[in-house]
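A short write-up of the structure that comes next.
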Amino acid sequence: MFEKILIANRGEVALRVIRACRELGIRTVAVYSEADRDSLHVRFSDEDICIGAPPARDSYLNIPRILAAAEITGADAIHPGYGFLAENAEFAEICERSGLVFIGPTADQIRKMGNKAEARRTMDAAGVPIVPGSNGPVDDEDEAVEEARRIGFPVIIKASSGGGGKGMRLGEDEEGLRRAFVMARNEAKAAFDDPTVYVEKYISRPRHVEIQVMGDKHGNIVHYGERDCSVQRRHQKLVEESPSPALDAELRGEMGDAAVLAGASIDYSNAGTVEFLLDEDRSFFFMEMNTRIQVEHPVTEAVTAVDLVKEQIRVAAGEELTLREPPALRGHAIECRINAEDPEHGFRPSPGTITAFHAPGGPGVRIDTHVYAGYHVPPYYDSLIAKLVVRANDRPEALSRAYHALEEFIVEGIHTTIPFLQTVLSHPDFEAGNVDTHFIEHL
Ligand code: MV4
């Protein structure tokens, strides 16, 4: 097992990794930017080292500085958390070449899933269902129109190097598609320096259902059921839950098998998430694979009693998977993301000093946060300040528990998404489990 892990991240996820390390008897190294000196990940780690100025490119994205910190402190592995360098194949490669274990998949696995057009082809070849569409990139307008006539309008143009909703355009008819094609290509070129795009049939009212998987370095791979993340705003998830109100044991088995097949086809190791679009007729299609631990992983932890971060560390150290069969999902879990944003003003960021802070508690309530009264929310990073994760015996009880926990949550001095989350939780359509990815737009 590792003796010392460097955590190349900040915020609540850095704390999450520190907690897992403590339980495994592993020493921790925190890295921090000048804006994060007073952060709890610095206080709770065994060692800490400042790696630069507040902008992420000067600190949390600065590979040479992070490697230097690992060298100086004698760390033997790096946990990247999520965001920042978590899905940077070059970083994973450099770590391994420097004799540091990257706690995540291999550079090769990250690359295979990072290019969306290639991932789509790989999944198709493996027998994982994909949305009807082009077999690889489309090079010009006429080819896009040809594909669209074959699969039927409406279609969606996606950037090969995109993901998470960036670089997508809808084509409702031939004329619209021609415009969408040009715009998508230009956007993709500007945003990713890669103009490559492909075409898919547009699914108009899908749910976002993702399957948590984990692979070890001995060829074993398992899934831990799904998370329903249909409640999103501009591709930012707000609420996630497990089990999905849209799945039964049969569909869970089919989607779980497909996710395991997806992972197995690239000999996947460590934690990953296979995202699917779930259509109203119960058909499901591979969308993307995220090659990292995700923000919403505690939802799965709550219903499976598996510590996913400890398992990530164990498999990175060469141990075999603890579980070989998908665990039964017990009860129901919901996560609410609490962001330092003002929902009354278009969710604009609301950095500043937290003047009062009280986190809810009670049975089945988990709070993952790095903030406290007196903490200054810096303007440089993403606005997540806390995650509320509740578990209860069934969905109605979980909804009620989450609502009342939010009622008890005191955060003063900045704006947060807490009141908006309460609106979502008490909405009749959400209560009925009757939502798709457009739910928030119609609120
Ligand atoms: C789609 C789609 C409909 N049809 N693909 C958004 C994020 C990116 N991973 C893919 N996305 C979508 N792909 C087809 N063929 C609708 C979306 C989509 C979406 C998906 C999941 C969660 C929220 C979403 C919001 C808008 C669009």
| task | Kindly indicate whether any position in the range 399-410 is free of Cβ contacts under 8 Å to residues at least 12 places away in the same chain, away from the ligand (no atom under 16 Å from the Cβ) and within 30 Å of D281 (Cβ to Cβ). | result | no
| field | Candidates E341, E325, E335, E408, filtered to the one that is touching a Phe, Trp or Tyr at 6+ places or on another chain (Cβ under 6 Å) and either outside the structural domain of A56 (by TED's automatic domain parsing) or surrounded by fewer than 16 Cβ atoms within 10 Å (Cβ to Cβ) (or both) | value | E341
| remark: Counting only residues in the range 128-156 that are near the ligand (Cβ under 10 Å from one of its atoms) and assigned to a strand (DSSP E or B), the one surrounded by the most Cβ atoms within 10 Å (Cβ to Cβ) is identified as V155
| said: Being touching a residue at least 24 places away in the same chain (Cβ under 8 Å), touching a Pro at 6+ places or on another chain (Cβ under 8 Å) and over 28 Å from Y380 (Cβ atoms) is true for just one of T300, T304. Which residue is that? | reply: T304
| query | Is at least one residue of the range 27-41 of a type in the set (D, E), touching a Phe, Trp or Tyr at 6+ places or on another chain (Cβ under 9 Å), outside any helix (DSSP H, G or I) and on the phi < 0 side of the Ramachandran plot? | reply | yes
| query | Taking the condition touching a helix residue (DSSP H, G or I) at 6+ places or on another chain (Cβ under 7 Å), basic (K, R) and within 22 Å of S244 (Cα to Cα), does R337 pass? | reply | no
| task | For residues that are over 21 Å from G104 (Cβ atoms) and buried (at least 24 other Cβ atoms within 10 Å of the Cβ), tally how many sit in the range 229-238. | result | 2
| field | Number of the condition not met by K387 [criteria: (1) among the charged types (D, E, K, R); (2) under 20 Å from the mean Cα position of the chain (by Cα); (3) over 30 Å from D279 (Cβ atoms)] | value | (3)
| request: Return only the number of the condition from (1) without any contact (Cβ under 8 Å) to a residue 12 or more places away in the chain; (2) more than 17 Å from T304 (Cα to Cα) that A249 does not satisfy. | output: (2)
| Going by the structure shown, is E3 at pLDDT 95 or above, surrounded by fewer than 16 Cβ atoms within 10 Å (Cβ to Cβ) and among the acidic types (D, E)? | yes
| Are there any pairs with C-beta distances below 7 angstrom linking a residue in the range 215-234 that is without any contact (Cβ under 8 Å) to a residue 40 or more places away in the chain to a residue that is of a type in the set (K, R), with the two at least 6 apart or on different chains, and if so which? | E226/R252; D228/R207
| query | Taking the range 159-187 as the region of interest, how many residues are under 16 Å from A119 (Cβ atoms) and either surrounded by 14 or more Cβ atoms within 10 Å (Cβ to Cβ) or more than 11 Å from the ligand (Cβ to nearest atom) (or both)? | reply | 8
| request: Counting only residues that are within 16 Å of the ligand (Cβ to nearest atom) and aromatic (F, W, Y), give me the strands (runs of 3 or more DSSP E) lying completely in the range 238-346 with at least 2 of them. | output: 284-290
| task | Would you please list the contacts, defined by Cβ atoms under 7 Å and residues six or more apart or on different chains, that run from a residue in the range 29-54 that is closer than 11 Å to R10 by Cβ to a residue that is part of a loop (DSSP other than H, G, I, E, B) and among the charged types (D, E, K, R)? | result | Y32/R10; D36/R10; S39/R10; H41/R10
| task | Return the total of residues in the range 387-438 being out of contact with any Asp or Glu (no Cβ under 9 Å at 6 or more places or on another chain), closer than 30 Å to H376 by Cβ and not in a helix (DSSP H, G or I). | result | 5
| task | Quick one: in the range 390-443, of everything that is within 23 Å of the chain's Cα centre (by Cα) and polar (S, T, N, Q), which residue is nearest to F276 (Cα to Cα)? | result | T437
| query | Which pairs do you get when a residue that is more than 16 Å from E143 (Cβ to Cβ), found in the range 177-203, comes within reach of a residue that is of a type in the set (K, R), reach meaning Cβ atoms under 7 angstrom, with the pair 6+ apart or on two chains? | reply | M183/R169; A191/K166
| query | How do the pairs read when you match residues in the range 341-363 that are at positive phi with residues anywhere that are in a helix (DSSP H, G or I) and of a type in the set (K, R), using Cβ under 7 Å and keeping only pairs 6 or more apart or on different chains? | reply | none
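The values are calculated or read from the model by the stated rules, or taken from the named source; none is laboratory data. Since the structure is predicted, the reported quantities are computational estimates derived from the model, not experimental observations. No Cβ is skipped: glycine too gets one built from the backbone with ideal geometry, and neighbour counts run over all protein chains shown.
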